[in-house]
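Let me begin by presenting the structure, written as structure tokens, before commenting on it.
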Amino acid sequence: MLTKAYIPYGGYYSSPFARWQGSFANDNAIALGANTAKRWLAGKKWDTGNLDYLILGTTIGQHYLFYGSTWAAHMMGAGHLPGVTLMQACSTSTTCIFQAGIGVETGLYQQPFCLMTDRCSNGPHTVWPNAKGPGGQVESEDWVMDHFGYDPTAKGAMIQTAENVAAEAGATREECDQVALRRAQQYEEALADDRAFQKRYMFPVEVRVSKKKTITVAADEGVFPTTAEGLAGLKPVVPGGVHTFGAQTHPADGNAGILVTTRDQARDLSTDPNIEIQVVSYGFHRTKKGFMAMAVVPACRMALEKAGISIDDVKTIKTHNPFASNDLYMAREFNLDVMSFNNYGSPIVFGHPQGPTAGRCIIEGIEETAAGGGGYLLFGGCAAGDTAGAMVLKVG
């Protein structure tokens, strides 16, 4: 349990998430994330000289990834910053925030900044020499599609892990469709009143498309209208399975930033000093191979135990739900109404850029909890390799 790590209210942003091969497809994700963070920090009128460490979370190779965090810091206008580059698939943001929290808790850092960014579009194709291959043959790997399609430990695709959990938990096609429809309806609530909820935290991205033209992307790109009839008409991704393309997430591009600091500095930097956001605890787990969605529940239980609370004490629950069975399994294990959590949005609807995915969920959870008068926020999400990360924050 942490007691000294805080996030200023308003001390975070998420970019819109852009669809696969959409508006962010041709920009280096590290450069786009750093430039967006620089514009956001300038808008806050925060002195980047006060930042003392950068934790860069990214999972898909980009040019100059070797220099990762230090290059990003330079582009942010904070070239004095040392840092580290962290990769943990879909749980990257969760671990970035907690690592920053540990640094503040121990006095190692005062104002570490977490920048999470990824681009699933135009993912790299890595080639290695094959010393045993005749005629100079090579071995190759597609960083995005090959990894979605094959886990070298479980020997299967990510969608198969969801089907495995659904089968063991008894989740049906109808239930998956119902969850997908409900999540779409919850996302629609974030668009009410000219996107009032999203505008609390979403920061526009500027994309240079030519020497003379720059476009601004201010809202999510690639969210499709969802109806019960439309979902019912889709075929399962896996023959005989319960998930369609409507009941699973889609690859996307985007970035997010979160400042973690001391309580006093958080109060000074907050847009509302009456709202405190404390980073409380972290949880993790690895479940049996080929059952990725199951890892979220024990990770959440660990985070709750470390926080000294129970699920009944939680005000807001957000999850990374790449598949509908993730939420169905969690609801069953915690005796929750599956339709009651993930208000205002979740990755099954707005997409999955990996690195910033959990960050956006946590940011949305903070805003929902603050709007509801405060309380505990629980986030939990699975990650490649049948693992998961979870986090408890207290919004007071």
- Query: Mind checking which residues of segment 244-277 are assigned to a strand (DSSP E or B) and over 19 Å from the mean Cα position of the chain (by Cα)?
  - Reply: Thr261
- Query: Pick from segment 46-68 the residues that are among the hydroxyl-bearing types (Ser, Thr, Tyr) and surrounded by fewer than 24 Cβ atoms within 10 Å (Cβ to Cβ): which of them is farthest from Asp272 (Cα to Cα)?
  - Reply: Tyr64
- Set Ala72, Ala100: member being under 21 Å from Leu378 (Cα atoms) and modelled with pLDDT of 95 or more: Ala100
- Among the residues listed as Ala324, Ala383, Ala331, Ala390, the single one being without any contact (Cβ under 8 Å) to a residue 40 or more places away in the chain and either within 26 Å of Gln178 (Cα to Cα) or in contact with a Lys or Arg (Cβ under 6 Å, 6 or more places away or on another chain) (or both): Ala331
- Condition set surrounded by fewer than 24 Cβ atoms within 10 Å (Cβ to Cβ) and hydrophobic (A, V, I, L, M, F, W, C), scope segment 2-45, selection farthest from Tyr67 (Cα to Cα): answer is Leu2
- Determine which single condition Pro134 fails, assuming it passes every other condition in (1) exposed (fewer than 11 other Cβ atoms within 10 Å of the Cβ); (2) closer than 24 Å to Trp20 by Cα. (2)
- Can you tell me which residues in segment 172-215 are assigned to a loop (DSSP other than H, G, I, E, B) and under 25 Å from the mean Cα position of the chain (by Cα)? Ala190, Leu191, Ala196, Phe197, Tyr201, Phe203, Pro204
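Here is a check on your reading of the model: is Val205 closer than 20 Å to Gln21 by Cα and surrounded by 17 or more Cβ atoms within 10 Å (Cβ to Cβ)?
Taking the combined requirement at face value, the residue satisfies it.
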- Message: Residues to consider are Cys114, Cys120; find the one that is of a type outside the set (Ser, Thr, Tyr), buried (at least 18 other Cβ atoms within 10 Å of the Cβ) and touching a Cys at 6+ places or on another chain (Cβ under 8 Å).
- Response: Cys114
- Note on the structure: When every residue in segment 276-285 that is among the hydrophobic types (A, V, I, L, M, F, W, C) and in contact with a Gly (Cβ under 7 Å, 6 or more places away or on another chain) is compared, the one surrounded by the fewest Cβ atoms within 10 Å (Cβ to Cβ) is Phe284
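Can you find, within segment 129-171, the residue that is farthest from the chain's Cα centre (by Cα) among those that are part of a helix (DSSP H, G or I), of a type outside the set (A, V, I, L, M) and closer than 30 Å to Arg332 by Cα? Working first, answer last.
Let us first name the residues in segment 129-171 that are part of a helix (DSSP H, G or I), namely 134-136, 145-149, 158-169.
Imposing the further condition that a residue be of a type outside the set (A, V, I, L, M) reduces the set to 134-136, 146-149, 160-161, 163-164, 168.
Next, from what is left, pick out any that are closer than 30 Å to Arg332 by Cα: 147-149, 160-161, 163-164, 168.
Numbers: His147: 17, Phe148: 16, Gly149: 20, Gln160: 21, Thr161: 19, Glu163: 22, Asn164: 23, Glu168: 26 Å.
Checked segment 129-171; the qualifying residue farthest from the chain's Cα centre (by Cα) is Glu168.
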- Before we move on, is Ala219 modelled with pLDDT of 95 or more, under 19 Å from His250 (Cβ atoms) and not in a helix (DSSP H, G or I)? yes
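Would you confirm, using the coordinates I've provided, whether Cys300 is within 20 Å of Gly396 (Cα to Cα), at pLDDT 95 or above and crowded, with 24+ Cβ neighbours inside 10 Å?
Taking the combined requirement at face value, the residue does not satisfy it.
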- Message: As an exercise: evaluate Pro353 against (1) surrounded by fewer than 24 Cβ atoms within 10 Å (Cβ to Cβ); (2) closer than 26 Å to Gln62 by Cβ and give the number of the one condition it does not meet.
- Response: (1)
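The values are calculated or read from the model by the stated rules, or taken from the named source; none is laboratory data. Please read these numbers as outputs of a predicted model, since none were measured by experiment. Note that we place each Cβ from the backbone using ideal geometry, even for glycine, and neighbour counts take in every protein chain shown.
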